[in-house]
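Report on one structure; see the data block that follows.
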Amino acid sequence: MAPLPEKSIAVLPFENLSAGKERTRSSPTAIQDDVLTSLATIKELKVISHTSVMAYRDAGARNTWQIGQTLGVANVLEGSVRRVGDRVAVNVQLIDTRTDRHLWAKHYDRTLTDSLGLQGELANEIATALRATLSPEEKVRIEVRRASSVPAYEAYLRGRAFAGGYQWDRSNVEGAIRSYQEAVKLDSNFALAWAYLSCAQSGNYWQGFDRVRRGWRRRQGCSRSCDHARSKNLAETHLALGYYRYYAERDFSGGIGGIPSKRAGSSE
């Protein structure tokens, strides 16, 4: 078997250890996504996509060696999230898939306010453990806070929790849209929430759940959210644009990275 790249990693789905109502107010998926996206901006690292790692949601059935061979990575990151009141506890561990040896582990116990920049701190420490060198630009990008207020971030987390459910369920889609709309109302510069709002609206348009506002009005909503998301250079903004082209404009070539067709010109 070919040797696995030393500076390669898969960020596996985090476990939700919160109890009661706190379980629905915390979103391990959002934290996992934030860490994964931050790591993906580091040029020296090979980072596996979100779609590929979601097959390993069941923590009890994981075999790190098999995951390493299947995904072609030398390292995996596992984690858990527990929320109690206004505090969030996050446990993470970095494991060498070839030896099942723990390379690094840490426990974070933060207030919600202090947790807003946690993904940048995590990405920095993981990069250090993997001996990856960050350029000054990469360091700035991963340390940027995704939201400026706790209420906006909480609304965003609710949206991610809804989105983590069955995607063809109307209540999940509409719950995600409402939550993201609340997030951007509270923080109009929250580009990440705008991006996922656009994705959810595009999916909603495609599936035809909204029977009241048909046609161009729904497409206009997708387009406006996408434009807000594109005001910031985040990876998720490219995802939002792809969703808009594919699901709202029916521009299938443009949606998967091709050149937009003339009928999708309004998204440019």
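The values are calculated or read from the model by the stated rules, or taken from the named source; none is laboratory data. What you see is a predicted model; the values in this text were computed from it and never measured. With ideal geometry, Cβ positions are generated from the backbone for all residues, glycine too; neighbour counts draw on all protein chains shown. SASA here: full protein model, heavy atoms, side chains in, ligands and nucleic acids out. Shrake-Rupley method; radii C 1.70, N 1.55, O 1.52, S 1.80 Å.
Quick notes on this one:
- Amide H contacts for Leu103 (H built 1.01 Å from N in the peptide plane; partners 5 or more residues away or on another chain; cut-off under 5 Å): Leu94, Ile95, Asp96.
- Accessible surface of His107 - all protein chains present, 1.4 Å probe, nearest 10 Å²: 100
- Thr51, Thr37, reordered so the largest accessible area comes first (probe 1.4 Å): Thr51, Thr37
- Computed from point charges on the beta carbon alone (+1 for Lys and Arg, -1 for Asp and Glu), the dipole magnitude for region 70-200 about its Cα centre is near 100 Debye.
- Counting only protein chain heavy atoms and rolling a 1.4 Å probe, the accessible areas of Glu44, Glu6 rank, largest first, as Glu6, Glu44.
- Ile177 sits with roughly 20 Å² accessible to a 1.4 Å probe, with DNA, RNA and ligands left out of the calculation.
- Element breakdown for region 21-120 at a 1.4 angstrom probe: carbon and sulfur atoms account for 49% of the accessible area.
- Sparsely packed chymotrypsin sites (Phe, Trp or Tyr not before Pro) within region 167-200, loop by DSSP, other Cβ within 10 Å at most 14: Trp168
- In this structure region 36-90 gives 46 Å² per residue of accessible area when probed at 1.4 Å with all protein chains present.
- Normalised by the number of residues in region 100-149, the mean separation of alpha-carbon contacts (under 8 Å, six or more apart) gives a relative contact order of 48 percent.
- Residue-by-residue Karplus 3J(HN,Hα) for region 33-43, coefficients 6.51, -1.76, 1.60, Hz, glycine and proline x: 4, 4, 5, 4, 5, 5, 5, 5, 7, 8, 4
- Restraint check, Lys7/Lys106; Lys7/Lys185; Lys43/Lys106, Cα-Cα greater than 31 Å: Lys7/Lys185
- Area accessible to solvent at Leu239, 1.4 Å probe radius, in Å²: 80
- Vicinal HN-Hα couplings computed from phi for region 9-20 (Karplus, 6.51 cos²θ - 1.76 cosθ + 1.60; Hz; Gly/Pro x): 8, 10, 8, 6, x, 7, 7, 9, 9, 5, 10, x
- Exposure ranking of Phe162, Phe14 by accessible area [1.4 Å probe, largest first]: Phe162, Phe14
- Its relative contact order, with pairs defined as Cα atoms under 8 Å and 6+ residues apart, puts region 1-160 at 27 percent.
- Rounded if a/c under 1.5, otherwise prolate or oblate - region 106-155, Cα gyration tensor axes: oblate
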